[in-house]
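The values are calculated or read from the model by the stated rules, or taken from the named source; none is laboratory data. This one's a predicted model, so the numbers in the text were calculated from it and none came from an experiment. Reconstructed Cβ throughout: ideal geometry from the backbone, glycine too, with neighbour counts over all protein chains shown.
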Amino acid sequence: MMISGRLLAVMRKEFIHIIRDPRSLVLIFLWPVIMVLLYGTAITFDIKEIRIGVLDFDHSRVSRELLRDLTASDYFRISGYLDKRSEIDDGFLKGRFTAVLVIPAGFEKQKALNTGRIQLIVDGSNSNTATVVIQYFKSFCMLHQWESGVAVSAPLSLHPRVWYNPDLKSAHFIVPGLIAVILMMICAQLTSITLAREWETGTFEQILVSPVLPHEIILGKLAPYLLLSLSVSVVTLAFSVAVFKVPFRGSLLLLLVLSIVYIYASLSIGVLISTRARTQQVALLASQILTLLPSFLLSGFIFPVLYMPLVLKAVTYLVPARYYLVIIRGIMLKGVGPGDLAQPCLLLVLFGTFLIAFSIHRFKTVLEKAPWAG
Amino acid sequence: MEVQIQNLSRAFGTFRALDQVNLDIRQGESLSLIGPDGAGKTTLLRILCGLLRPDSGKCLIAGKDVLGDQRFLKSLIGYMPQRFSLYPDLTVSENLRFFADLFQVSASDRAARTKRLLAFSGLGPFLKRKAADLSGGMKQKLALSCTLIHTPAILFLDEPTTGVDPVSRREFWNILEDLHMQGVTLLVTTPYMDEAGRCDRVALLNRGRILATEAPGRFSGFFGGLLFELRCEALFRAVKALRSDEKFDSVQGFGDRIHVAGRGSETGLVSRIRSVLAREKIQVESLSRIPAGIEDVFVDLIRRQDS
Amino acid sequence: MSPPAGRLQGGYSVVVEDLSRSFGDFCAVDRISFQVKDGEIFGFLGANGAGKTTTIRMLCGLILPTSGRGLVEGLDIGKEAEEIRKIIGYMSQKFSLYEDLTVSENLEFFGGLYGLSHAQVTRKVKESATAADLEAFSGRRTREIPLGLKQRLALTCAVMHNPHVLFLDEPTAGVDPISRRDFWALIHELASGGTTVFVTTHYMDEAEYCNRLAVMHKGRIAASGSPKSLKNRYQKGSIEEMFIGLVGRERTADDD
């Protein structure tokens, strides 16, 4: 494919469209920053001040020591004392406690004989929170050399979760993932909409009677958005490092180069959509369906790919964010070098090239609808 | 023959937009295509431009099938769609440049052509204005200029003057006439009958079929019956009264006049018209027999095909 | 659904005095004054961008005037826009119909906007001069019906609530001659029923159908009067010649 004057003409025109619409441009840059800010603070797996109800049958010095240690930590707060076991259920239902600590009678004596047992009953209705609470309490017991036994009020499967670690700030883990998710969405939306808009305004009809070829239209539209998306990713990255103090251990240059590859793959999703979508509304909806949930759920952003059922695991190979997550987390958090990232990079290039080639092949230069159908 | 349309048919679902259409346009000829909405005019132009596939039949431009060599075809034709199809956020000069680039107009030709297009379109002072901010007439002239940037030999224009004021309309047609003089072949659709009359030939399309193709001056031959022009007071009341009389085939308001068509003897029809109006106490200013114009034939042929 | 009792002033349905509207530096409408008599068909002519649509929008209470005064059925366009909207009908060149709704769904919807019941809508449609066509196409999507019918449907929707004044902004743009005549027959039907019709058009044959005309040019009223008196005054055989003489001459002197 040669770079023709027509390809350059489409590119130049597309650039003008972008700069002529400063309001959209501001939104394109602002949106990812806002998303990172919101999600970076909201989706946090760090829980503080877990509300604990206390059912103390022992009323001993040791039990008071235990409770003092518990409140001394940032993680727990005693939000009420119970008299009977029957009150536990009510406390959970009313949402007064996240967990209830039961100290049996004779605890002090048994403690002296090293057979002391306490019980933590956790509200399992939110399994994520429950898991975190249990883990926190275990660490607390180990730290203070209290022995603990654990029971939960609702069926709860206890998976060891890689994201749990009291020392690791979850923002560090989430923000790079968010950048991957946001980029994929923005890229797909931008490209799918720009072509749909030409269908909507009727400008496509005028272009199609010129000698311009499908690949010139598609690549001409791709290039400006590649550049735009790259700038968006740089801004978002800088913001994340500045605000969330996300560490940056690897090479910035390597990350930028691989980001271009990722953006290329994500833009290709938009191109694929635009070969079919005839209105901006359809384009927007399609790109959201194809990017939002997959990048959130099937990329390893929230749920590790490792623990997914086989079928879903297979689907993740079709989600570019999956590869970019490996890249961005690897470079930022671990400082991984180029050698280890060759495979995800290669897969992204393959993904994008296949979709674009397919789209060019399927590109319709013939109108199918009746004139009055718009 | 520059443009040949042979047995062309195209349906959308069960609707037959074009039904066995045959039409030839000679090199350098201007032909206007008129017809009611949904007659198939836009469909025909789109097929000619290679934008839509026909179900059967074929179109030849300069002897070559329009479904064949696209590159050759596209360099030969210019097409201006019905909807304004330029980029509203681009300026006049950016739009012109974009289309010059798409058609790969050489740098040497470009300056001269742009200058000429700006001269006749009068867009010179507005080069830096966004297309969205142009008036309706100016938009159409810009669209035409973009269509002409590669000096096409054949021009397809789909209702280029719809929504344009009478002054701009006249200016636009003067430009088309200049192009015609330069030898460009023109195929124009229009809802304005006076515009149709400015072409070498007029083709009337209804329900996907060509009902007549003739020079404007000879259209009266298609008219079945006698036609009278009436000037009187209370135009619409007169139209209503005359329409309720079955003797007349058609009664149409034409601005400040009424055209009444009927069959039989001239004197019989005249006295009938007068008596109907007398009954309504409407004063007749003038009443005379006239040759049918394009619009009269248009109304007459369509009424006859539809009934 | 009875509109406020007539506060008409001397039989005028629309009274405009020194009305102006600017957009930034651009003065779209520049101190215009005119009156429209009750029940007449008033044609508003002008080149693209002359200020016709801006004037109509002000009269419908969609935008506020920069200065001057306008009364529609005695109601002030600056202060009583809401009251005005209850007694006027408006149809723009874009028709403003819902293309994905059927013909009858559109009628129901617009009737509903004015608080008409299903039975009232049905009766209103039956009474309309296009009843036969509307009923034949009632189940069809509006997108699929012929343009001429679409236009008559839009008109039927606009007069569903028996407006006192009907504003039509280029209602016949791009419509074929037969449909245009059908449409104008409807307009005359409405006018003879007492509705005041305020209409803009680029078809000069249609201008001849109006009782009175005003020609707008660059935000000002360049001429007004009955078609006949205008032709006499400017010594032209048709309104088109008159218009081109009036607007075209000035225009070649400067820009658009």
Within the stretch C:130-157, of all residues that are hydrophobic (A, V, I, L, M, F, W, C) and more than 17 Å from C:TYR98 (Cβ to Cβ), the one surrounded by the fewest Cβ atoms within 10 Å (Cβ to Cβ) is C:ALA132
Contact list, first residue from the stretch A:273-301 and over 20 Å from A:LYS364 (Cα atoms), second anywhere and of a type in the set (S, T, N, Q) and in a helix (DSSP H, G or I), beta-carbon distance below 6 Å, six or more apart or interchain, is A:LEU298/A:THR316
Scan the stretch B:87-97 for residues that are more than 7 Å from chain A (Cβ to nearest Cβ), in contact (Cβ under 8 Å) with a residue 24 or more places away in the chain and not small (Gly, Ala, Ser) and report the count. 5
Scanning the stretch B:9-20 for residues that are in a strand (DSSP E or B) and surrounded by fewer than 24 Cβ atoms within 10 Å (Cβ to Cβ), which turns out farthest from the other protein chains (Cβ to nearest Cβ)? B:GLN20
Out of the residues in the stretch C:172-183 that are assigned to a helix (DSSP H, G or I) and more than 7 Å from every other protein chain (Cβ to nearest Cβ), which is surrounded by the most Cβ atoms within 10 Å (Cβ to Cβ)? C:ARG180
From B:ALA143, B:ALA111, B:ALA100, B:ALA131, residue being in contact with a Pro (Cβ under 7 Å, 6 or more places away or on another chain) and either within 12 Å of chain A (Cβ to nearest Cβ) or modelled with pLDDT of 90 or more (or both): B:ALA131
Here are the criteria: (1) at pLDDT 90 or above; (2) within 13 Å of chain A (Cβ to nearest Cβ). Tell me which single one B:ALA153 does not satisfy. (2)
Members of the stretch B:142-183 that are among the hydroxyl-bearing types (Ser, Thr, Tyr), assigned to a helix (DSSP H, G or I) and within 19 Å of C:THR172 (Cβ to Cβ): B:SER168
Could you check, for the stretch B:234-243, whether at least one of its residues is in contact (Cβ under 8 Å) with a residue 40 or more places away in the chain and β-branched (Val, Ile, Thr)? no
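Listed here are the residues, each with its yes/no results for (1) β-branched (Val, Ile, Thr); (2) at pLDDT below 85.
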position	(1), (2)
A:LYS138	no, yes
A:VAL150	yes, yes
A:LYS169	no, yes
A:GLY177	no, no
A:GLU216	no, no
Which residues, counting only those in the stretch A:40-96, are among the hydroxyl-bearing types (Ser, Thr, Tyr), out of contact with any Phe, Trp or Tyr (no Cβ under 7 Å at 6 or more places or on another chain) and modelled with pLDDT under 80? A:THR41, A:THR44
Residue list for the stretch A:270-285, restricted to those being part of a helix (DSSP H, G or I) and either at pLDDT 95 or above or surrounded by fewer than 21 Cβ atoms within 10 Å (Cβ to Cβ) (or both): A:GLN280, A:GLN281, A:VAL282, A:LEU284, A:LEU285
Scanning for something charged (D, E, K, R), more than 14 Å from chain C (Cβ to nearest Cβ) and surrounded by 18 or more Cβ atoms within 10 Å (Cβ to Cβ), does the stretch B:45-52 turn up at least one residue? yes
May I ask you to verify whether B:SER32 is over 30 Å from B:SER121 (Cβ atoms) and more than 8 Å from chain A (Cβ to nearest Cβ)? no
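Results for (1) surrounded by fewer than 18 Cβ atoms within 10 Å (Cβ to Cβ); (2) more than 14 Å from chain B (Cβ to nearest Cβ); (3) touching a Gly at 6+ places or on another chain (Cβ under 9 Å), shown as yes or no for each residue.
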residue	(1), (2), (3)
A:SER287	no, yes, yes
A:ILE302	yes, yes, yes
A:LEU312	yes, yes, no
A:LEU325	no, yes, yes
A:LEU347	yes, yes, no
A:ALA357	yes, yes, no
A:ILE360	no, yes, no
Could you please let me know if A:GLY202 is at pLDDT below 85 and closer than 30 Å to A:THR365 by Cα? yes
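Let's see how each residue does on (1) among the basic types (Lys, Arg); (2) surrounded by 14 or more Cβ atoms within 10 Å (Cβ to Cβ):
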| position | (1), (2) |
| --- | --- |
| B:LYS247 | yes, yes |
| B:SER250 | no, yes |
| B:ASP256 | no, yes |
| B:ALA261 | no, yes |
| B:LEU269 | no, yes |
| B:SER275 | no, no |
| B:LEU287 | no, yes |
| B:VAL297 | no, yes |
Any idea which of (1) at pLDDT 90 or above; (2) buried (at least 22 other Cβ atoms within 10 Å of the Cβ); (3) within 14 Å of chain B (Cβ to nearest Cβ); (4) in contact with an Asp or Glu (Cβ under 7 Å, 6 or more places away or on another chain) is the one C:ILE187 doesn't satisfy? (4)
In the stretch B:197-219, is there at least one residue being basic (Lys, Arg), within 21 Å of C:GLU206 (Cβ to Cβ) and assigned by TED's automatic domain parsing to the domain that holds B:LEU157? yes
